[in-house]
Every structure is written in structure tokens, then in C-alpha cells.
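Let me begin by presenting the structure, written as C-alpha cells, before commenting on it.
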Amino acid sequence: MSLGHALRRIVEEYPLAKTDPPAGHPLAHVIRKGAADELRAALAPLGGTFLVKGSPGRGTRWAAVPWLAAFDPAVTTSATRGYYLVYLFPTHREAVHLSLAQGTVAAIREHGPRAGAHLRASGATLRARLSDFSEELPVAEIALGTAGELPEGYEAAHIMGLTYTLADLADERRLWRDLANGVAAYRALKARGGLAVAEEPINRRPRSL
């Protein structure tokens, strides 16, 4: 298996898999183990320590939107808070989003019905702080194709990233290169103050001439 193959399996097989219970389902194992292992392999050359998790859902219920994420343990170990890098799988099209994202559940708990507006405003500020990554990670908004507090929260929590079609997932070199750019943006956000609001962007990386 490769990272692209694992992502493609999730995209193609998830709609049918959801008609069966998740317990013991082969695709649930792919999301939790196979795809997570491939993401770890792609992260290994980039150095540092990442906690990798894949979630097909919890208990007896499939997730509305499955995800595969990499967490810097110094920032967060959970998709509920902080910020992290994640692959999200929309329900309305055969695609995958690579997203530098903010924790959703913590924002919902703190801001209630205003969480979406808060996350979008915060995302715009953080995107401006990371404007030197806008060419590599140009997608500023994502759609997941399903209603609900969490899916809509994931959409609002997106900072910047990329969207892949099924054909794009065949290019493993591109996936690894894009992942490296995502990790660089993740590390830059950490160096530039994380989710804290700053007056001016700081510590911008030099651009190649």
C-alpha cells in the first residue's frame, strides 16, 4: 500500500462501508492502521515527532466525515483543540482535502452557535500570517457535503490546504511533496504564535529568487 492508495481506498469504499457496522470492518482497519502507517512513513523523512491517528468514527457509528491526521504533540494530541494537519474525506464528491486546521470541538464548547464565525475569522487571520505558503497551499475554503455540527465545524476550522481528485492520488511524489509543504506551514504557524492573534506576521521564511 502507498499513501495515495490508502487515501483512494477510503474515498471509494467509505460510502458502501457505512451500510455495515464499523466494528471489525476492513475499511475501519485501513483508516486506523493502514493509512495511518502510510502517513507515518511519509512524515518520517521530514524529522520531528508526530502523533498520527485515523478515525472512521466511534463506537458503533461511522463518522459523517472520516479523517487521517498528524499532530505535533507540543501543540495538541487531539483534533478537538489546537491546530493540526489532516486529510478530510467529503461525502458529496470523490475527493480528499489536505487541511491545516483548527481544533473544532474546543471552539464549539467555548463559542456555541458562534463557533463557525469565530473559526472562520481566526482562519482568515492565520491564513494572512501564513501568506508565504499561499502558492503551495492555495485552497482557502473546503466543502464536506454533509450537514452537522462537526462537519460544518471542520469546514469553518480550515486554514489553508489542497484538494485532490482520485486521479491526483496516483501521484505519490506529489502527495509527499504537498505533505512536506503542509508540515512546513504547520511548523511556521507554531513558530509565529500558533492560534494567538498577533498585530503583525512574524518570522516569515525567505522566498527563493
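If the condition is being under 12 Å from Leu166 (Cβ atoms) and either surrounded by fewer than 19 Cβ atoms within 10 Å (Cβ to Cβ) or in contact with a His (Cβ under 9 Å, 6 or more places away or on another chain) (or both), then the stretch 1-12 contributes His5, Glu12.
Scanning the stretch 153-173 for residues that are touching a helix residue (DSSP H, G or I) at 6+ places or on another chain (Cβ under 8 Å) and surrounded by fewer than 19 Cβ atoms within 10 Å (Cβ to Cβ) yields Leu166, Asp168, Ala170, Asp171, Glu172. Identification of helices (runs of 4 or more DSSP H) wholly contained in the stretch 10-124 with 2 or more residues that are free of Cβ contacts under 8 Å to residues at least 12 places away in the same chain yields 26-29, 105-111. Only residues that are of a type in the set (Gly, Ala, Ser) and in contact with a Phe, Trp or Tyr (Cβ under 8 Å, 6 or more places away or on another chain): list them for the stretch 1-27, please. Matches in the stretch 1-27: Ala17 only. Being more than 26 Å from Arg40 (Cα to Cα) and under 17 Å from the mean Cα position of the chain (by Cα) is a condition met by no residue of the stretch 159-175. List the pairs whose first member sits in the stretch 145-162 and is closer than 13 Å to Trp67 by Cβ and at pLDDT 95 or above, whose second member is surrounded by 18 or more Cβ atoms within 10 Å (Cβ to Cβ) and of a type in the set (Phe, Trp, Tyr), and whose Cβ atoms are under 9 Å apart, counting only residues at least 6 apart or on separate chains? Between residues of the stretch 145-162 that are closer than 13 Å to Trp67 by Cβ and at pLDDT 95 or above and residues that are surrounded by 18 or more Cβ atoms within 10 Å (Cβ to Cβ) and of a type in the set (Phe, Trp, Tyr), the close pairs are Tyr154/Trp67; Ala157/Tyr83. The residues of the stretch 43-85 that are crowded, with 19+ Cβ neighbours inside 10 Å and more than 20 Å from Leu150 (Cβ to Cβ), listed by number, are Leu43, Phe50, Asp72.
Does the stretch 112-126 contain any residue that is within 22 Å of Ala35 (Cβ to Cβ) and touching a helix residue (DSSP H, G or I) at 6+ places or on another chain (Cβ under 9 Å)? No.
Of all residues in the stretch 18-25, none satisfies being buried (at least 19 other Cβ atoms within 10 Å of the Cβ), at pLDDT 95 or above and of a type outside the set (S, T, N, Q).
The values are calculated or read from the model by the stated rules, or taken from the named source; none is laboratory data. What you are looking at is a predicted structure, and each value in this text was computed from that prediction instead of being measured. Every residue, glycine among them, receives a Cβ derived from its backbone with ideal geometry; neighbour counts consider all protein chains shown.
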